[in-house]
Amino acid sequence: MKLNPISLAVASLISLSSQIALANEAPTNTLNSGIEVITISAPKLIHSETALAEGNLVMPDVADWLKTVPGASINKNGPITGIAQYRGMFGDRVSKTISGHQIIGAGPNAMDAPMTYINPIMVESVSVYRGIAPVISGIDSIGGSVEVKLKRANTSHELAVSGDFATSYNTINNASTVAGDINISGSDVGLLVYISTQEGEDYEDANGNPIKSTQYDKEQAGLDFRFEGDSIELGTTWHHNNTTNSGTPALPMDIDYIKSDRYNIDGQWQDNDWAITWQFGYQDATHGMDNYSQRRNMMKTMHRYNTAEATTTDYKLQFNKNSWLFGLEGYKAEHDSSITNHNNMMFKILNFNAVVDQRDSVFVQWQPKIEQKSYTLGLRLKQNRADSGSVSSSMAMMMPAVKALQTQFNQADKNISDTTYDIAFSSKIDLSAELALSYGLGLKQRAASYQERYLWLPMQATGGLADGKTYVGNINLDHETAYQLDLGLNYDNESFSIAPHIFYQKIDDYIQGTPSQDMRVKIVARMMGSINTLQFNNIDATLYGADLNWDYQVSSNIKLSGVASYVRGTRDDIDDNLYRMSPLNSRINLYFQQSNWQTNLSLHAYAKQTRVSAINTETASAGYALVDWQADYFVSPGLVLRAGVNNLLNKQYNDHLGGTNRAKGSDIAVGERITGMGRNFYLALDYQF
């Protein structure tokens, strides 16, 4: 039985709720609000464990850093296509903000997921809200929230110049990164300019097999200009991205190109009582992908080229006074996508046409300061609007089933308006000088994505699900509603700390593919060589589990730390598991620092995953453990040399979240799980001045 939303809202407002935290293995910061913060910070050239996180610029995808966070992981459909996952939820359910902005990808299959737009050298920090994310963290945070802060230009009164240059090389795929930024400031203004290139060939697994469609080529550049006065700060930013010839072996196509330009303006003003911040953004992105240029496809009649375009405008206005925070936030994204065959000029599918996804919201959060206790209470109201233009397919002329689906979609009322809301209440109580209890309750809602609504013809444009199934959308999907609980303990003394959490959430109207009962859909799918097509529908689901982070200071220069994560996701309507759940895993780090040296030896172990989704034809995966090692030598306060090895023992393994292979011509068969990288040696240099 579903609860009355108004009754639940009232109950949530008067109930105690769990701690909200940003988490990884780094030191913990506790805000006055009780929001516990553990953040992955980009390294400044001092001895710091965060300088060892995932090799920094060695890995081309910023999303890889999430593997160091309890409860978090990534779905990898290719080397630079990381999709954030937190406690079993992924994709659009997890809020991703880049310096406060909502980044919407152009591709309908998340080849350009939001975190792929981030340049590693520009990252100041990557944070994940542990437990129930506060309402201020993002418009749709039903599955948690990731916040990436980018560098901004530094200002100064006198002329000053600073910068950062970094380069790295990987042996496993002949990959290299060259990146740099320079900051020039004076007269209370500053200009930061950056540029980077990242490229790599197909990597090899531990058995020496080259894995097809794992190459990448990415260039990024941009600038940030800033003015800072006594009580006001103004800034404007431009980011450019150009990705070419990059593989996504878990998807039916590879990246031909992704080109985007993003423009932001922001500012803040404050006096003794008030602080006002504002930001506006615009992004124009185009994306081309195909199934023949980077993988074997001898059937020219089945060559497909997908061209996708997206423009996004976003805004945020926020007011702070004492314990209160008020704000307005929203975005409007417009999407187009068409599929062609250069061998047949008559073939064309208008897959998504004039699709609009608009979300506007207002939020308020209260953070009173109480001795030995802290609370955070927030409410966000959201208005979700979606619409689509008419679609078409050249196949409609000769295939009655395609014609019928096209006519049905074009005649349907596609203009959707849906009101949703989020409530989060958190509390933290200091039980002693070393022990604190955190607890909480939240209600989060999410409206359907444009792919889930407007995918009218059986296809795999599913926002990166990568299960090999064809899907159709459902215009009349209800919004998801999650009832969330989180309970945690934090113990911290001079040498040892540990923070275990347990969580539970019941999700009504969870959007999931279920077998299509439409005979026309089945006919079209069979003609395209697919069976058992799924339609996005509402079901009920449950997610629960536990995660923890800990560290132990063995001596003044030796430290042990680690994280562990477990999540279970089940469907409530049938006896089945939710798709693409990360298995039980643990990461243990041994950190040593002496004089100008620091080094880290890490073990990341995964249990086997046998609780897989039958409806998605998901296969089980075996357990495995990987050993990584990295060492930094600080030549001077501004120069560090870095060397390391990934997969030191050359373990042959299959990452459960890495997906199954779709690329013909590889040394692993289509349908088999993609094998991970073999032993990789790398060198890197970072110079800051």
Could you please let me know if Asp314 is in a strand (DSSP E or B) and within 26 Å of Val362 (Cβ to Cβ)? yes
Conditions: (1) modelled with pLDDT under 95; (2) under 26 Å from the mean Cα position of the chain (by Cα); (3) closer than 17 Å to Asn173 by Cβ. Arg662 meets all but one. Number of the miss? (3)
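Let's see how each residue does on (1) surrounded by fewer than 19 Cβ atoms within 10 Å (Cβ to Cβ); (2) without any contact (Cβ under 8 Å) to a residue 12 or more places away in the chain; (3) under 24 Å from Asn170 (Cα atoms):
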| residue | (1), (2), (3) |
| --- | --- |
| Lys608 | yes, no, no |
| Gly623 | yes, no, no |
| Leu641 | yes, no, yes |
| Asn650 | yes, no, yes |
| Gly658 | no, no, yes |
| Phe681 | yes, no, yes |
| Ala684 | no, no, yes |
When you look at Gly468, is it of a type outside the set (Val, Ile, Thr), at pLDDT 95 or above and in contact with a strand residue (DSSP E or B) (Cβ under 9 Å, 6 or more places away or on another chain), yes or no? no
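Could you look through the range 192-230, keep only residues that are β-branched (Val, Ile, Thr) and more than 18 Å from Phe165 (Cβ to Cβ), and pick out the one that is surrounded by the fewest Cβ atoms within 10 Å (Cβ to Cβ)?
Only one residue fits best here, namely Ile211.
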Complete set of residues in the range 222-233 that are farther than 14 Å from Gly281 by Cα and not small (Gly, Ala, Ser): Leu223, Phe225, Arg226, Phe227, Glu228, Asp230, Ile232, Glu233
Residue check, Ser602 in contact with a helix residue (DSSP H, G or I) (Cβ under 9 Å, 6 or more places away or on another chain), surrounded by 20 or more Cβ atoms within 10 Å (Cβ to Cβ) and touching a residue at least 40 places away in the same chain (Cβ under 8 Å): no
Test result for Asp357, buried (at least 22 other Cβ atoms within 10 Å of the Cβ), out of contact with any Pro (no Cβ under 7 Å at 6 or more places or on another chain) and over 30 Å from Lys212 (Cβ atoms): yes
Considering residues of the range 281-312 that are over 20 Å from the mean Cα position of the chain (by Cα) and of a type in the set (Gly, Ala, Ser) only, the residue surrounded by the fewest Cβ atoms within 10 Å (Cβ to Cβ): Ser293
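Each row is one residue, and each column tells you yes or no for (1) closer than 30 Å to Tyr491 by Cα; (2) in contact with a helix residue (DSSP H, G or I) (Cβ under 7 Å, 6 or more places away or on another chain); (3) outside any loop (DSSP other than H, G, I, E, B).
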residue: Ala386; (1), (2), (3): no, yes, yes
residue: Phe409; (1), (2), (3): no, no, yes
residue: Asp413; (1), (2), (3): no, no, no
residue: Asp418; (1), (2), (3): no, no, yes
residue: Ala424; (1), (2), (3): yes, yes, yes
residue: Lys428; (1), (2), (3): yes, no, yes
residue: Ser432; (1), (2), (3): yes, no, no
Checking Arg580 against (1) more than 27 Å from the chain's Cα centre (by Cα); (2) surrounded by 15 or more Cβ atoms within 10 Å (Cβ to Cβ), which single condition isn't satisfied? (1)
How many residues, within the range 504-532, are modelled with pLDDT of 95 or more, more than 19 Å from Asn577 (Cβ to Cβ) and of a type in the set (Ser, Thr, Tyr)? 1
Applying the selection to the range 487-525, what residues are of a type in the set (S, T, N, Q) and in a strand (DSSP E or B)? Asn490, Ser497, Gln505, Gln512, Thr514
In the set Ala285, Ala308, the lone residue that is closer than 19 Å to Gly463 by Cβ, in contact with a Pro (Cβ under 8 Å, 6 or more places away or on another chain) and in a strand (DSSP E or B) is Ala308
Can you tell me which residue is surrounded by the most Cβ atoms within 10 Å (Cβ to Cβ) among those in the range 662-679 that are within 14 Å of Asp202 (Cα to Cα) and small (Gly, Ala, Ser)? Ala663
So Glu201 fits all but one of (1) among the charged types (D, E, K, R); (2) farther than 30 Å from Tyr653 by Cα; (3) at pLDDT 95 or above; what number is the exception? (2)
Tell me, which strands (runs of 3 or more DSSP E) wholly within the range 586-654 include 2 or more residues that are closer than 25 Å to Asp467 by Cβ and of a type in the set (A, V, I, L, M)? none
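The values are calculated or read from the model by the stated rules, or taken from the named source; none is laboratory data. Note that the coordinates shown come from a computational prediction; the quantities given were computed from them, not determined experimentally. No Cβ is skipped: glycine too gets one built from the backbone with ideal geometry, and neighbour counts run over all protein chains shown.
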